[in-house]
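What follows is one structure encoded as structure tokens, with my remarks underneath.
The values are calculated or read from the model by the stated rules, or taken from the named source; none is laboratory data. Just so we're clear, the structure is a prediction, and the values are computed from it rather than from any experiment. All Cβ positions, even for glycine, are placed from backbone atoms using ideal geometry, and neighbour counts span all protein chains on display. Each accessible area value is taken on the protein alone, full model and side chains, heavy atoms only, with ligands, DNA and RNA left out. Shrake-Rupley method; radii C 1.70, N 1.55, O 1.52, S 1.80 Å.
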Amino acid sequence: MSDNDIKKIILPYSIGVRELAEKMDASPIQVIKVLMANGVMASINQNVDFDTAAVVASELGFEPELLQIEEETPEEKGEIPLWRRVIADEKEEDLQARPPVVTMLGHVDHGKTSLLDAIRKTNVAGGEEGGITQHIGAYQIEHNGRKITFLDTPGHAAFTSMRARGAQGADIVVLVVAADDGVMPQTREAANHAKAARVPIVVALNKMDLPSANPEMAKKQLAEIDLVPDEWDGDTIIVPVSATKMQGLDDLMEAILLVADNKEIKANPKGEVFGTVVEAELDKFRGTMATLLLQNGTIEVGDTILAGKAHGRIKAMFDFRGKPIKKAGPSTPIAVMGLNDVPRAGDIFRVVESEKEARAIVEDIEANEEQQSFAPRATLEDLFERLQAGEEQELRLIVKADVQGSLEPIVNSLKELGEKQSEVSMNVLHQETGNITESDVMLAAASDAIVIGFAVDADNAAKRLAETEGVSVRLYTIIYRLIEDVEKALKGMLEPELVERTVGSAKVLAIFAVSRFKVAAGCRVIDGEIRRNGKIRVIRNKNVVFEGEIGSLKRGKDDVREVREGFECGIALKQFHEFEEGDLLECFVIEEQSR
Ligand code: GDP
């Protein structure tokens, strides 16, 4: 055979047997035979690693080459968080390098807290006696004269909600993996989160001091989830460390800075001032204390800020050590006093002209919320519309199934469906056996994905979260139904199966004028609950006199999402003002019928 006869074939780190066969224009049976001849038993839907695929390819006359993964820029993906977009709009000459912001993720007990503590102890002190006294949820260290900001809440709850609101704050994720335990479910989940948010990952292979540490096993498992070590020609830096022995920490800092250098982490210190709320609490003595991560501009004591719906003039500002400061620049974690309310972790904050402007913006936000108190995320039903409107080019799925034997064919069929459908790509973010859990729903909320369950149920916490976050969870017991539904959704043919469910009722006790034309009913919930996002049926003498949407639901002066049995509340409807004492208000929701 001359050189010209050898055809090059590019293969990923892991490939399905069927796909491998297609790439070579061979039949899957041919591939399976070659695999068997080499002692590998694999079915058509199974994946084989690059080395194995390469052997098959060579035997069938190909010259295999490992696929070099080029990182897609967030711009290409159209998934840029707001703060990155604002920075992208700044003029290039105004941009200056800023410290990278790092968050630690990983499986429970793999050592996130220990590692954060070890890094803080070795690098932070900087002449300060005793280092940090106060914990504010973020800190900054210096390594070889360069700063790195760490979000200091392991498994940072804000990471998810930040991402969900398009304001995810981290530039780099350190994925902590215990070398004795390897890749575990939360490792996989964390990696998925980081990938969904397009944040690069550095792996800290922790607990290397343990005799049971097995770094080779861990690396192999990491490669299986597409985190291929750089020593194996991949692009993931894996740093062996020991938090307890304080070993490898310098290397970890080097790796972080290396990744940071490739990412052009910049901001405009003179630009628009904004950032993300890391955490906030009500302090008995000082009022609201909020830890903020400044992402652009320079903030000063006396500035008026708006964080979510909380606002106020900054009365005092502290660095992460609790030292009062007057001013801070990009990537600096700060604690501020002076907000009128407690913002949520993940809220965006910005500096505004005045309290008056802040109040006006909050009013706008609230008016908007009135209109769409419950903005549904991706659902299969509205997918087609979003596709047509050009809002979506990708269908993101989280697939859970009872056993591996059903999971694989489902995922493979879904992927095939995606390949047939050229306008839409199918992205299975996470696949696993077991019931649908809260963290599945969290990932779906964070990445606007749909959760699909086959022969599994969703646990109660997951159901609750799905409801509050508006995540679509669909359960199936027949594979072809599942595939058919997704296919129909892609083609815009899916008919939702909707059913009405009564969630509670309230009795009208009194009627109030809210404005010249609007009235609200003072009610007591007598059964179940009244939900802000539900609909109301007004029943008088057993006759339905009106049916429609809620305009506002209040407990005292506060807008609330729901009011439970036994409590009093104020209900105003959008298009009905003729309440009478004694009316019965029945609250119902429209739901997809589970099959
Ligand atoms: P987290 O749940 O990921 O925050 O994990 P922790 O930091 O709480 O650590 C879990 C356990 O592992 C604790 O008992 C730590 O002492 C231990 N641990 C953490 N890092 C190391 C390490 O480098 N070596 C050893 N031997 N144990 C460690």
### Query
Taking only pairs six or more apart or across chains, which ones have beta-carbon atoms under 9 Å, a first residue in the stretch 93-115 that is on the phi > 0 side of the Ramachandran plot and within 16 Å of the ligand (Cβ to nearest atom), and a second residue that is of a type in the set (S, T, N, Q) and open to solvent by 60 Å² or more (accessible area, probe 1.4 Å)?
GLY106/GLN186; GLY111/THR244
### Message
If the requirement is being in contact (Cβ under 8 Å) with a residue 24 or more places away in the chain, touching a helix residue (DSSP H, G or I) at 6+ places or on another chain (Cβ under 8 Å) and open to solvent by less than 30 Å² (accessible area, probe 1.4 Å), which of these qualifies: ALA307, ALA290, ALA267?
### Response
ALA267
### Query
Of the residues VAL525, VAL473, VAL538, VAL451, which single one is open to solvent by less than 20 Å² (accessible area, probe 1.4 Å) and within 30 Å of GLU408 (Cβ to Cβ)?
VAL451
### Message
Can you find, within the stretch 167-190, the residue that is surrounded by the fewest Cβ atoms within 10 Å (Cβ to Cβ) among those that are more than 16 Å from the ligand (Cβ to nearest atom) and aliphatic (A, V, I, L, M)?
### Response
ILE172
### Query
If GLU484 passes every condition in (1) over 30 Å from ILE530 (Cβ atoms); (2) surrounded by fewer than 17 Cβ atoms within 10 Å (Cβ to Cβ); (3) in contact (Cβ under 8 Å) with a residue 12 or more places away in the chain but one, which one does it miss?
(3)
### Task
Would you mind listing the strands (runs of 3 or more DSSP E) fully within the stretch 519-595 where at least 1 residues are over 25 Å from VAL499 (Cα atoms) and either in contact (Cβ under 8 Å) with a residue 40 or more places away in the chain or in contact with a helix residue (DSSP H, G or I) (Cβ under 9 Å, 6 or more places away or on another chain) (or both)?
519-531, 568-573
### Query
Taking into account only those residues within the stretch 218-233 that are open to solvent by 20 Å² or more (accessible area, probe 1.4 Å) and not charged (D, E, K, R), which is modelled with the highest pLDDT?
GLN221
### Message
Scan the stretch 68-87 and tell me whether some residue there is at pLDDT 70 or above and surrounded by 12 or more Cβ atoms within 10 Å (Cβ to Cβ).
### Response
no
### Task
Give me a count of the residues in the stretch 191-217 that are within 13 Å of the ligand (Cβ to nearest atom), small (Gly, Ala, Ser) and open to solvent by less than 10 Å² (accessible area, probe 1.4 Å).
1
### Query
From the residues in the stretch 33-66 that are in a helix (DSSP H, G or I) and of a type in the set (S, T, N, Q), which one is modelled with the highest pLDDT?
SER58
### Query
What pairs can you find where one residue is in the stretch 231-255 and on the phi > 0 side of the Ramachandran plot and away from the ligand (no atom under 16 Å from the Cβ), the other is open to solvent by less than 80 Å² (accessible area, probe 1.4 Å) and of a type in the set (A, V, I, L, M, F, W, C), and their Cβ atoms are less than 7 Å apart, with a gap of 6+ or different chains?
ASP233/LEU66
### Query
How many residues does the stretch 192-226 contain that are aliphatic (A, V, I, L, M), assigned to a helix (DSSP H, G or I), under 17 Å from ILE237 (Cβ atoms) and free of Cβ contacts under 8 Å to residues at least 40 places away in the same chain?
0
